[in-house]
Amino acid sequence: MSEHTPTPKSVTEHPEEIPGYTYGTDEAAASPLTLEDLERLKAVVGLTDQDEQALRDAAEILADQADDMVTAYRRRLGELPFMRAYSGHPDGTPNPAYGAASQPRFDRFIIDACTRPLDQDWLNYQHEIGMRHTRAKKNATDHADSLDHIPMRYLLAFTAVVIATAREYLAAKGASAEQVDRMHAAFTKSVMLHVTVWTRPYVDAVDW
């Protein structure tokens, strides 16, 4: 693993200071999903109380690696010419200001995926994130000049990278193989739950 810059304290300790991070506020979109919907999704993904404890353990390991993880994700996407226009300018040229503005929220996602209670605030903010990938709100938060919609197929496909690469970071601080397996399984379930809810703005209710 390459050396990393520790995630800023505002991301880990004071997330309310992150521009555009509207978790738990009236600025987050109201989710059309119910808490019953959420409980059913948790059951389908298999998220247990033991997983939630494993996620809390994972948070302690990943908190100061979150920025490294997100930087690696973005480097990977930047290697794909057809993906560059979604985070750069519409012609695919880099847009450093957009990246700098959105990165702290992406960093915070790593921490939230391990620590946030699964309640109405969680549902609302995940719906907000989903909308920020679609024409409904893409670019609005950061007033960015970028393509206005990320196709759902890329959102889903890149989930594999987020999940697969997490193991390296979970193993970086000396946890046993068994502990890493336990945390990685829980992180996989959490990420899949998040991304599933992010897809709701893409799909009509009857089809979703």
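The values are calculated or read from the model by the stated rules, or taken from the named source; none is laboratory data. For clarity, every value in this text was computed on a predicted model and none was experimentally measured. Counting neighbours? That spans all protein chains shown, and the Cβs are built from the backbone with ideal geometry, glycine included.
Only one of the numbered conditions (1) aliphatic (A, V, I, L, M); (2) farther than 17 Å from residue 57 by Cβ; (3) surrounded by 19 or more Cβ atoms within 10 Å (Cβ to Cβ) is not met by residue 206, and that is (3). On inspection, residue 92 passes the criterion of being more than 27 Å from residue 172 (Cβ to Cβ), modelled with pLDDT under 95 and out of contact with any Cys (no Cβ under 8 Å at 6 or more places or on another chain). Kindly evaluate residue 171 against the criterion of being at pLDDT 95 or above, of a type in the set (Gly, Ala, Ser) and surrounded by 20 or more Cβ atoms within 10 Å (Cβ to Cβ). No; evaluated as a whole, the condition is false for this residue. Considering 185, 166, the condition of being under 24 Å from residue 44 (Cα atoms) and either out of contact with any His (no Cβ under 9 Å at 6 or more places or on another chain) or of a type in the set (Lys, Arg) (or both) is satisfied by 185 alone.
The residues listed here are 119, 107, 112, 142; of these, the one that is of a type outside the set (Lys, Arg) and farther than 20 Å from residue 201 by Cβ is 107.
Highlighted here are the helices (runs of 4 or more DSSP H) found entirely within segment 1-111 that include at least 1 residues which are of a type in the set (S, T, N, Q): 9-12, 49-62, 66-78, 84-87.
If you go through segment 152-208 and pick out every residue that is of a type in the set (Ser, Thr, Tyr) and not in a helix (DSSP H, G or I), you end up with 2.
Examine segment 8-28 for a residue that is crowded, with 16+ Cβ neighbours inside 10 Å, of a type in the set (Gly, Ala, Ser) and under 21 Å from residue 202 (Cβ atoms), and state whether such a residue exists. Yes, the conditions are met somewhere in segment 8-28.
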